[in-house]
1. Nearest 10 degrees is fine. How inclined is helix 35-51 to the longest principal axis of the chain, computing both from alpha carbons?
2. If contacts are Cα pairs under 8 angstrom and at least 6 residues apart, what is the relative contact order of the stretch 9-51 in percent?
3. With +1 assigned to the C-beta of every Lys and Arg and -1 to the C-beta of every Asp and Glu, and no other charges, what is the dipole magnitude of the chain about the Cα centre in debye, to the nearest 20?
4. Please give me the summed charge of the neighbours of ILE5: other residues whose Cβ is under 12 Å from its Cβ, Lys and Arg +1, Asp and Glu -1.
5. Tell me, which longest segment in the chain has none of the chymotrypsin sites (Phe, Trp or Tyr not before Pro) that fall in DSSP loops with at most 10 further Cβ atoms within 10 Å?
6. Would you compute, for the Cα atoms of the chain, the largest minus smallest coordinate along each principal axis and list the three values in descending order, in whole Å?
7. Among the lysines, select those whose C-alpha is under 29 Å from the C-alpha of LYS27, and discard any that sit fewer than 8 residues away in the same chain.
8. Which is the longest run of the chain containing none of the GluC sites (Glu not before Pro) found in DSSP loop states (not H, G, I, E, B) with at most 12 other C-beta atoms within 10 Å?
Amino acid sequence: MNELIDGCFYVEKKKWGTWDSFDKDGKCIVTSLTEEDCVRATRFILKGRQEGFDESKTYDSNVGGKL
């Protein structure tokens, strides 16, 4: 197993160059372009979850017009 960061997640570089973070159970948390961004975004998400970030909220958007 990979080394845990902050004792609660780890990151892996994928073959196509992106970075994924995973919790202790192996569930993917976030995908980023750099390792540093992956760690930073994962910390932000985990902090939000700990403080009551509402993950059930969804956003929908669409772009009108013809191409």
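A short reminder: the numbers here are calculations on the coordinates, not readings from a lab. Only a predicted model underlies this, so the values are computations on that prediction, with no experimental measurement involved. Quick reminder, even Gly has a Cβ in these numbers, built from the backbone with ideal geometry, and neighbours come from all protein chains shown.
1. It works out to around 80 degrees.
2. Relative contact order here is 29 percent.
3. Rounded to the nearest 20 debye, it is 240 debye.
4. With Lys, Arg at +1 and Asp, Glu at -1, the neighbours total -3.
5. Longest stretch, sites excluded: 17-58.
6. Taking max minus min along each principal axis of the Cα atoms, the chain gives 49, 33, 19 Å.
7. Within reach: LYS13, LYS14, LYS15, LYS47, LYS57.
8. Longest gap between qualifying sites, sites excluded: 4-54.
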